[in-house]
1. Describe numerically, in nm with one decimal, the distance between label points set 7 Å from Cα along Cα→Cβ at residue 400 and at residue 866.
2. Based on a Kirkwood Rh over C-alpha pairs, give the Stokes-Einstein translational diffusion coefficient of the chain at 10 °C and viscosity 1.306 mPa s in µm²/s.
3. Could you tell me the center-to-center distance, by alpha carbons, between the stretch 686-765 and the stretch 248-291 in angstrom?
4. Given R₀ = 22 Å, what would the calculated FRET efficiency be for residue 1007 paired with residue 69, taking r from the Cβ atoms and rounding to 0.05?
5. What is the distance in Å between the Cα centroid of the stretch 100-114 and that of the stretch 384-432?
6. Quick query: amide H of residue 918 versus all other amide H atoms, modeled in the peptide plane; which residues come in under 5 Å with a sequence gap of 5 or more or a different chain?
7. Taking θ = phi - 60°, what integer Hz values does the Karplus form 6.51 cos²θ - 1.76 cosθ + 1.60 yield along the stretch 477-483, in sequence order, with x for Gly and Pro?
8. Determine, for each peptide in 570-583, 210-223, the mean count of other beta carbons within 10 angstrom over its residues, then list the peptides with the highest first.
Amino acid sequence: MHLHRMTLQAVGPFPGRHTIDFAALSASGLFLLEGPTGSGKSTVIDALVFALYGKVASADASEDRMRSDHAAPGDDTFVDLVFETGSGIYRVLRTPRYERPKQRGTGTTTQQATIKLWRLTSPDAPDDGDLLSTRLDEAGLELAHAIGLDREQFVQTVVLPQGEFASFLRAKPEDRRRVLERVFGTEVYERLEKRLAAMRAEAGRGLDAARGEVGRAVAGFVAAARCADDDAAALREAAAGAEVDVPALTAAVEAVAGAAAAEAVAAEAVAARAAERCAVTERARDAARTTVVAVERRDTLLAERARLAARGAEHADDARRLAVAGRARLAMPAVAGVAQAETAFGEATTAVARRRAAVLAGAHADLAALVPAEAEADVQLKALADERERCTGIRARLDHALELEATLPTLRVAVADLEARVERRAAERDALVDGLAQRPHERAALRERRDALGAAAGGLAEAQVALRAVEDRRAAAALVAELEPRVGTAEAAAGVAARAASEALEHAAALRQARIAGIAAELAVELAPGAPCPVCGGTEHPHPAAPSAEAVTPEVVHAAEEACAVADEVLAAAGRVLTELRTKRDGARASADGWDLPAADAAVADARRAVEEAQAAARDRDAVDAELEAFDAGTRALEQQRAELDTVVGKDGVALAGRRKEIRDAETAIEAARESSDTVRARAALLDARVELVGAWLTEAQRLVTAEERLAERRVELAAALSEHGFDDAAAVRAAALDEAALAALDRRIREHDSALDRVERGLADDAVRAVGDVTADAARASSAEAEATHAAADEAATRAAGEAARLRDRASSAEREAAEVSRAGRALVAAREAAGPVVRMANVVAASGGDNARQLSLGTYVLARRFEDVVAAANGRLAAMSSGRYELLRSEEKERGGARKLGLALKVVDHHTERERDPATLSGGETFYFALSLALGLADVVTAEAGGTDLGTLFVDEGFGSLDGDTLDVVLAELGRLRDAGRVVGVVSHVDAMKQSIAERIEVRRAADGRSTLTVRA
């Protein structure tokens, strides 16, 4: 894997945007990442790891540190990385999750994490590629496949943890395990050991619970089976203890349950025999009871038959009376019909007589002569009918005259209203004619006013053009007034910048001259015994120059040169600003054409007044045009209204003549129709009363004829009914008749007697009554009492036997149920033992607490030892080169000092100069560094091999170089150079000044007083 380029913005202490060109830094295969402690060197590595994995390098650090606290609210935080693996060239652009101010309102909103992943055709064409994914999960899988390492492996191999190994070499024996756990990331095995221990404890609790269930099940069985004390004690003892013999316990419980079941079966047989005996006595008791009932019923029926026989004569008389009343009931309708007809005939005769008397006393007495009292009924009926028909005809001919008489007042009012309307509309027409005669003069005045306003509004366009011209000149004059003071300020600033640039140039030249004067002392600082002088080439340096207290360092000269460059940039910027302001001012002055701001304001005011006056005239002209149009429309409306009034007045005159003729015709018809009456209505009322009187008399006369005919018919019907039913006259029928209640009571009494007699005879003929023969009631009761006593004794015995059987059956059922519960609990205990066995054994092996782990090594320790052994083997090759073959590391299986048991994590240092073994704690600081570096490089080799041989083209080596002497530093750098020769690029992270002299390509990180950092790449 090779890094090409990384750009970061608003990350950690870096608020700005910085780009690191790893391709340029990698030209020599070795570059330096340097800067003061806390300036942000580790942030560069965090940005690299974040771009690839979405997390920072340290597992304990939060991604919240990615967002710079110094970033502006609108600046985005991102890392843009271009890298290359065997799978291709990739570009990943990733942003973290952070809080940013809301675009609207107050407060913050969450900016979610994002990613974009491209596959490129060239590292120099980042915008020419295929977008692979914009989803975090998909892009993560693509990156993992391309890199071949997870985050932990990447951090272990790209950022070499020689610092952790240095801690390991210096650590006390009891601390080495924790150091290696951090390096190798073996926490998963510790979690596995704890998980297995928890499972072992859980299995133990499960066994205890299963044993408790067995004990509770046995206790429940003892209570349910009501065991004897010895049996109960034996069962409880069998269920107690850690190792319960489940088969034996189950067999003992089943034996006790079987005995209880046998007792229940025997008791049920006894209960069955007792129940059968009880049933026999019950049948005998029921038979005795039946006999008593039959004897008592026989005696009751005989007494009832004697009572009915005593009422025989009375019953026969009731039957005879019922038969006569039945014949009278059939004849009664004819008797009632004659009575009703006689009543109706009398009422009709009376009504006709009253009507004749009333006619003679009323206004129509002449009717009595038309209908003589001595005339036959049919003659009277015809005379009355003829008179009603005559009067009805006359009354019908009066309807039209009545209608005319009713509408005549309305017609007269309508004629009066029509006369008034004709007069009013004629007056309106005359007024309209006078108004129309004046309108031509009024229209001429409006036309004259409109022409005058049109002439005034014609200059509006010219006035508007003049206004725009003076406004442009006024704006130019205002701009001149605004720019004049700014030009003066810019001229002053340019003068200050020119003086500052001159002073900075002179100061930098003086510093360069001073450094040249003291260069001998600067070179003398770097002289080493036996090394050639860079000036004369001599290897002896008897009198090297000493630097003075005022010696100028390269850094001071560099700072002065940078200050000079900054001053030049400020001067150039001030000149550009001054030139731009002068150009704007001169252009505005030419546009103002000599006007100052007050003169321009006065000209603008005059031009605006001219425009406003022309606009007002145009508005007034438009208003007069609208007024003229409305005036003409009003004239046309008035002429239309006059024409309509002429038409209406003519039509109303014709209608008025017609209504007057209609009134005259109605008055003539009414006069003819009323004859001698005051009004037609009065004559009509007189005729209506006569028709009503004749009609009522005719109705009553017809009713009298009908009543007489109906009376004759009813008398014929009565004679036939008397003959048919055997009665002499109507009085005999009335005497024999009974009302409905009496008739029903008599019939009910006869039927009740017959029914009772039939019931008695059928009861005496019943088989049960006949079967008792002559048995007396006392004898039957005595026999029944004896049967009751026998059955009571048998029932009591059956109840006792059934209760005992139920008790034993319940005990057997409970014992069987609880025995099944004991069996279930036993099976559960066996299953718990079988399930717990492997868990307990595995937990003991992993925790090194059982006999199966012969070496007494926990799983985590074993993995650490094996991994460490591989790392030591890989590290010895590096160590041999760095120590010129002097040192070698050996892993020891000996028990560490102060340890409770052998861990297999001890180390020995073999010094081949003396062929003796040393403790790593005796190593010097420089030796500890390159020992740790060897172990870190060995770890990188092991992890790379485990990841399938992933090619890591870039490595970072962290602090520790300050502890090396010059020779050892050269050796270590030479070893790092071999990494370069193998195709790797090594980035050395250090703040040691000597490293700057040894490594030209570097990334410089500097921190300002406010906590912000900047990054400069020198390649």
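1. 13.8 nm
2. Details: Rh = 50.4 Å.
Once the numbers are plugged in, D ends up at 32 µm²/s.
3. That distance is 81 Å.
4. Details: r = 13 Å, r/R0 = 0.61.
Working from the Cβ atoms, E equals 0.95.
5. Between the Cα centres of the stretch 100-114 and the stretch 384-432 lies a distance of 94 Å.
6. 909, 910, 911
7. Values, residue by residue: 5, 5, 5, 4, 5, 6, 7 Hz.
8. Details: 570-583: 15.4, 210-223: 19.4.
The packing order, highest mean first, is 210-223, 570-583.
Bear in mind that the values in this text are calculations on the coordinates, not laboratory data. These numbers were taken from a predicted model, which means no experiment stands behind them. We place every Cβ from the backbone using ideal geometry, glycine too, and count neighbours over all the protein chains shown.
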